[in-house]
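Right, one structure below, let's go through it.
The values are calculated or read from the model by the stated rules, or taken from the named source; none is laboratory data. None of these values were measured; they are calculated from a predicted model. So basically every Cβ, Gly included, is an ideal-geometry build from the backbone, and we count neighbours across all protein chains shown.
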Amino acid sequence: MSETVGVRTVLGVALLGLAIYVSTDPFHLSPIARFPNFKSYAVDSPPWSQLPLPKDDQNRLQKSEIKFLNQVQGPESIAFDPQGRGPYTGVADGRIMFWNGGQWSEFSFTSPNRSEELCKPGTNPMANIKYEHICGRPLGLRFNKGTGDLYIADAYFGLLVVGPQGGQATRLVSEVEGIPLKFTNDLDIDEQGIVYFTDSSVVYQRRNFIQLAFSAEPSGRVLKYNPQTKEASLLVGNIQLPNGLSLSKDGSFFVFSDTCVGRLKRHWLKGPKTGTTDVFAILPGHPDNVRTNEKGEFWVALHCRHNLYSHLLGMYPGVRKAILKLPIPAKYQYSAFVGGRLHGSVVKYSPDGELIEILEDREGKVVRAVSEVEEKDGKLWMGSVLMPFVAVY
């Protein structure tokens, strides 16, 4: 009897000590120690039983060709100009690079305060993250097919544009309705030149992406810029990490990645539903960029597949915050969130939101991560902020 009481006492003291540690984080070793105002929010995901869980049993992305290994660090977005030249891609040191068929050359850069000493090419995709706020970090890229201008969503410097000859990009938007852009992420352009773009958070910058994903805070926005009036406005607010955005082929709507929840949402621009937003598709994972092909289908890059651990922590934000206060480095916490290891997944949806195809490297042997899929001439060009190459399937 006394032995049982002793065990219970020890267990009670241990649990009390753990509770005190979690509530105070005395040694500031947790991933959120530097964020005193960190708050975790519930993620309104569908029930686990309703999540689509198709798999590519052939792991077809393992057949991809790895191009430009270590020549481009962290190529998030892939774009081709109106003449079909390229690809163009933004890299970790803040530049937009252009492949002329024989070599890479600098096409543009986004920072007005670029330092050649601080912003030199790094040895890996994460080497420049300390200076991103100085060097810039170009993410989404889109060409205006009519003018040949390249529009750029830079995580730190907002929405920018550069002419067909390249050079320093011009900032168009740095705030909307009095709220600064904190994490500009992706964009698309309609036939009239109207730019639709995402701001993933007004709280966290891209260099704190992991904390943003852990928090799931709902300050993200989808925005609109009119180059004729030079005015920007809010279209959709209160989103948990909006990411990629792409217009439908007929321009009647655009879809955007609702990343924390794991779905595509559709915002109507024409027709009886104009101005409204609905769910376009529930995805097998958490989306990054989305791109429309010539048939009007949508290719979606998945940052990772759904897993039960992150799903449950999404439902219980208090438990999530408690775990994040433990002295476990962010990279290990992040690894658990994405299912244990990086793995490449891309999915294709019809113009009506029906799942058509899934391609994967679930073992992460060749394509470990995908940020965007651009379909051109029967090939899929895949970039990733985490990889030092472009993959082509």
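This table checks each residue for (1) part of a helix (DSSP H, G or I); (2) among the hydrophobic types (A, V, I, L, M, F, W, C).
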| position | (1), (2) |
| --- | --- |
| Arg266 | no, no |
| Phe280 | no, yes |
| Val290 | no, yes |
| Glu294 | no, no |
| Ile323 | yes, yes |
| Pro327 | no, no |
| Gln333 | yes, no |
| Leu342 | no, yes |
| Glu357 | no, no |
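Residue under question is Ser257, and the condition is that it be farther than 18 Å from Asn144 by Cα, within 13 Å of the chain's Cα centre (by Cα) and part of a strand (DSSP E or B); does it hold?
yes
Among residues of region 209-228 that are in the same structural domain as Leu159 (by TED's automatic domain parsing), those with a Cβ under 6 angstrom from a residue that is part of a helix (DSSP H, G or I) and of a type in the set (Ser, Thr, Tyr), sequence gap 6+ or separate chain, pair up as Ile210/Tyr334.
From the list Phe98, Phe68, Phe143, Phe107, the lone residue that is in contact with a Ser or Thr (Cβ under 8 Å, 6 or more places away or on another chain), of a type in the set (Phe, Trp, Tyr) and touching a residue at least 24 places away in the same chain (Cβ under 8 Å) is Phe98. When each of His267, His303, His286 is tested for being touching a strand residue (DSSP E or B) at 6+ places or on another chain (Cβ under 7 Å) and within 17 Å of Gln50 (Cβ to Cβ), the lone residue that passes is His286. With a requirement of 3 or more residues that are surrounded by 13 or more Cβ atoms within 10 Å (Cβ to Cβ), the strands (runs of 3 or more DSSP E) lying completely within region 53-149 that satisfy it span 88-90, 95-99, 104-109, 138-143. When each of Phe183, Phe157 is tested for being modelled with pLDDT of 95 or more, closer than 17 Å to Asn243 by Cβ and either basic (Lys, Arg) or buried (at least 22 other Cβ atoms within 10 Å of the Cβ) (or both), the lone residue that passes is Phe183.
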